[in-house]
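Take a look at the structure set out below.
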Amino acid sequence: MFCFPKEFCNCPGLQKLDLSWNFLTYLPDKIDNFSSLSNLDLSYNRLIGLPPLFTRLSQLTSLDLSCNALRSLPEDFGNLFRMNRLGLSQNRLATLPASIKGLSWLTRLEASGNGLKSLPCEIGRLKELRILNLSNNQLAYLPVSICGLTKLNELCVRNNGLRALPNDIGALLSLKFLNLSKNHLTCLPNSITNLSNLQELVLLDNWFVCLPDDLEKLRCLQVLYVNQDMLIDPEGVIQRLRKQLPRQAVILGSLPSAEPKEKTCTVM
């Protein structure tokens, strides 16, 4: 399907609409006629932009725009304030609008595989966020405000250009899964040992000179992925980690299949 079906325009009470896996390049200008839409799946199309009235779909709670060709989002995107699940992966976004702070009920944000070079500090206002996927972008740093996402359970920043983490990353006390693989990190903030609920930590393919001395504080840690051949004094570090961490923690060295598969699932 190459065009938005005209017959849908006669369904103003429509609540769920799945137009994924088509060849749509644009949406109708009067998209706001669908004022009752709560679930909208537009993934796997060829959209290059959204119409100006798109942000009037104020009943949306779930929106999947993954796998399109979007270069930007409307500046007033935050008007979709009822949103709790948002899929933006595999587009061409260089940044996110500051108005994203208006999505105060958002629990899941998938934004992997874009060209994101920075994040607005307003992302720290998404206080209900549980899952944040920023993998495969071009982020060198994360905004300090991200440390305010105290309900976050999963954070994936795999395959960016990260050179450092915010010093207060340990404030993410609800975090259970943290993937930092394939970046340019040389050390971790000492506060990372405050992540008392962390169960899985992925550190593969970085440039670590050292690791925190008191990783034994990560009492819930079950799996730690680290490249043995990318550490200074690898034998000493691995031996120390095995002594420090709980017995249930598994330390994996530089194995071809060591890195876990990226956690992904549909937004809808």
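The values are calculated or read from the model by the stated rules, or taken from the named source; none is laboratory data. Just so it is clear, the structure is predicted and the values come from calculations on it, not from any experiment. Note: ideal-geometry Cβ built from the backbone for every residue, glycine included; neighbour counts use all protein chains shown.
Scan segment 153-163 for residues that are surrounded by fewer than 20 Cβ atoms within 10 Å (Cβ to Cβ) and in a strand (DSSP E or B) and the total you get is 1. Return the residues of segment 105-124 that are out of contact with any Leu (no Cβ under 7 Å at 6 or more places or on another chain), over 19 Å from SER135 (Cβ atoms) and not charged (D, E, K, R); say none if nothing qualifies. Listed by number, the residues that qualify are TRP105, CYS121. Within segment 113-122, is even one residue farther than 16 Å from LEU180 by Cα, in contact with a Gly (Cβ under 7 Å, 6 or more places away or on another chain), without any contact (Cβ under 8 Å) to a residue 40 or more places away in the chain and in a loop (DSSP other than H, G, I, E, B)? Scanning segment 113-122 turns up no residue that is farther than 16 Å from LEU180 by Cα, in contact with a Gly (Cβ under 7 Å, 6 or more places away or on another chain), without any contact (Cβ under 8 Å) to a residue 40 or more places away in the chain and in a loop (DSSP other than H, G, I, E, B).
Confirm whether PHE77 is closer than 22 Å to GLN138 by Cβ and either modelled with pLDDT of 95 or more or polar (S, T, N, Q) (or both). Yes. Report yes if SER66 is over 23 Å from LEU152 (Cα atoms) and either surrounded by fewer than 18 Cβ atoms within 10 Å (Cβ to Cβ) or modelled with pLDDT of 95 or more (or both), otherwise no. Spelling it out, it is not the case that SER66 is over 23 Å from LEU152 (Cα atoms) and either surrounded by fewer than 18 Cβ atoms within 10 Å (Cβ to Cβ) or modelled with pLDDT of 95 or more (or both).
Of the residues making up segment 132-152, those that are crowded, with 19+ Cβ neighbours inside 10 Å, in contact (Cβ under 8 Å) with a residue 24 or more places away in the chain and either within 18 Å of LEU86 (Cα to Cα) or of a type in the set (Asp, Glu) (or both) are LEU132, ASN133, LEU134, SER135, ASN136, ASN137, ILE146, LEU149. Scanning segment 38-53 for residues that are part of a loop (DSSP other than H, G, I, E, B) and of a type in the set (D, E, K, R) returns a single hit, ARG46.
For every residue, the table says whether it meets (1) among the β-branched types (Val, Ile, Thr); (2) surrounded by 16 or more Cβ atoms within 10 Å (Cβ to Cβ); (3) in a helix (DSSP H, G or I).
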| residue | (1), (2), (3) |
| --- | --- |
| ASP29 | no, no, no |
| LEU73 | no, yes, no |
| ASN91 | no, yes, no |
| LYS101 | no, yes, yes |
